[in-house]
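**Q** One structure is given below, represented as structure tokens, and several questions about it will come after.
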Amino acid sequence: MAEKLAQRPSSVLKIVFFGPESTGKTTLAEMLAEHFDTVWVEEYMREYLQEKWDKQQKICEPEDMLPIARGQMQRENELTGKANRLLFCDTDLLELKVYSEAYYDGFCDPQLLKHALNNRYDLYFLMYIDVPWTPDDLRDKPYDRDGMFKRFEEALQEAGKPYVVLKGDLEERFQTAVSEINKLLKNR
């Protein structure tokens with residue numbers, strides 16, 4: 001099972017969109033993949049939990065975290081081979097760790113924790129909370145955006161992950177991201 005949470009070796013640069021709900025991660029991942037003519041990894045958690053909600057009207061439970069993590073890594077590993085120099089990831093296992101600890105009194109499955117810390121990415125874009133919160137079936141923290149942002153930033157700092165905070169409207173975030181990605185490509 002552990003191998004299902006591990007990354008496959010690759011020479012592509014991997015960039016993660018990271019942070020609280022409703023901060024534009026998916027939109028920016030898709031835009032940047034198009035801009036750089038590559039692929040992006042959609043967030044598996046959203047699909048998994050929406051299906052669960054639609055069938056059972058149930059929310060995420062601790063036992064859902066490992067199937068979500070396996071689904072996320074399966075998508076990432078499959079798309080790594082299709083990427084053109086860059087792979088944009090709309091979330092990663094570290095994000096699942098943050099959510100697990102936030103929702104389940106500090107608990108994170110040891111296998112998820114191990115791979116959340118061991119999987120490697122070249123850059124994280126930590127999405128700031130200066131954009132409007134948009135409700136849907138799965139989003140539930142409109143009043144704790146600052147607290148969640150702090151959790152995400154602390155997770156990056158504690159794990160020693162390289163990150164840049166993206167602020168402003170979509171165009172500002174896009175331009176900052178393009179600039180940072182071009183620096184990565186130049187230094188490669």
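The values are calculated or read from the model by the stated rules, or taken from the named source; none is laboratory data. Please read these numbers as outputs of a predicted model, since none were measured by experiment. Cβ sites come from the backbone with ideal geometry, for glycine too, and all protein chains shown count toward neighbours.
**Q** Restricting the range 130-141 to residues that are out of contact with any Leu (no Cβ under 9 Å at 6 or more places or on another chain) and exposed (fewer than 13 other Cβ atoms within 10 Å of the Cβ), which is modelled with the highest pLDDT? Don't jump to the end; show me each part of the working.
**A** First, pick out the residues of the range 130-141 that are out of contact with any Leu (no Cβ under 9 Å at 6 or more places or on another chain): 130, 132-136, 139-141.
Those left that are additionally exposed (fewer than 13 other Cβ atoms within 10 Å of the Cβ): 132, 134-136.
Numbers: 132: 76, 134: 67, 135: 61, 136: 57.
Among them, the one singled out is 132.
**Q** Go through 49, 96, 13 for me and flag whichever is modelled with pLDDT of 95 or more and out of contact with any Ser or Thr (no Cβ under 8 Å at 6 or more places or on another chain). Quick ask: steps written out before the conclusion?
**A** Details: 49 fails: modelled with pLDDT of 95 or more; 96 fails: modelled with pLDDT of 95 or more.
From the options 49, 96, 13, the qualifying one is 13.
**Q** Looking at the range 83-105, is at least one residue out of contact with any Phe, Trp or Tyr (no Cβ under 9 Å at 6 or more places or on another chain), surrounded by fewer than 18 Cβ atoms within 10 Å (Cβ to Cβ) and in contact (Cβ under 8 Å) with a residue 60 or more places away in the chain?
**A** Checked against the condition, which is being out of contact with any Phe, Trp or Tyr (no Cβ under 9 Å at 6 or more places or on another chain), surrounded by fewer than 18 Cβ atoms within 10 Å (Cβ to Cβ) and in contact (Cβ under 8 Å) with a residue 60 or more places away in the chain, the range 83-105 yields no hits at all.
**Q** From the list 49, 13, which residue is farther than 29 Å from residue 104 by Cα and either in contact (Cβ under 8 Å) with a residue 60 or more places away in the chain or aromatic (Phe, Trp, Tyr) (or both)? Don't jump to the end; show me each part of the working.
**A** Numbers: 49 fails: farther than 29 Å from residue 104 by Cα.
Exactly one residue qualifies, and that residue is 13.
**Q** Still on this structure, I have one more. Can you find a residue in the range 171-186 that is assigned to a loop (DSSP other than H, G, I, E, B) and surrounded by fewer than 16 Cβ atoms within 10 Å (Cβ to Cβ)? Outline the logic, then answer.
**A** Taking the range 171-186 as the starting set, the residues that turn out to be assigned to a loop (DSSP other than H, G, I, E, B) are none.
No; the residues of the range 171-186 include none that is assigned to a loop (DSSP other than H, G, I, E, B) and surrounded by fewer than 16 Cβ atoms within 10 Å (Cβ to Cβ).
**Q** With respect to residue 69, is the statement that it is part of a helix (DSSP H, G or I), touching a residue at least 40 places away in the same chain (Cβ under 8 Å) and out of contact with any strand residue (DSSP E or B) (no Cβ under 6 Å at 6 or more places or on another chain) true?
**A** Numbers: part of a helix (DSSP H, G or I): yes; touching a residue at least 40 places away in the same chain (Cβ under 8 Å): yes; out of contact with any strand residue (DSSP E or B) (no Cβ under 6 Å at 6 or more places or on another chain): yes.
It is true that residue 69 is part of a helix (DSSP H, G or I), touching a residue at least 40 places away in the same chain (Cβ under 8 Å) and out of contact with any strand residue (DSSP E or B) (no Cβ under 6 Å at 6 or more places or on another chain).
**Q** Which members of the range 22-46 meet the condition of being farther than 22 Å from residue 129 by Cβ, touching a residue at least 24 places away in the same chain (Cβ under 8 Å), in a helix (DSSP H, G or I) and not small (Gly, Ala, Ser)?
**A** 35, 44
**Q** Looking at the range 16-46, which of the residues that are out of contact with any Ser or Thr (no Cβ under 6 Å at 6 or more places or on another chain) and at positive phi is modelled with the lowest pLDDT?
**A** Within the range 16-46, the subset out of contact with any Ser or Thr (no Cβ under 6 Å at 6 or more places or on another chain) is 16-21, 23-42, 44-46.
Subset that is at positive phi: 19, 24, 37.
Values: 19: 94, 24: 91, 37: 98.
Top of the filtered list is 24.
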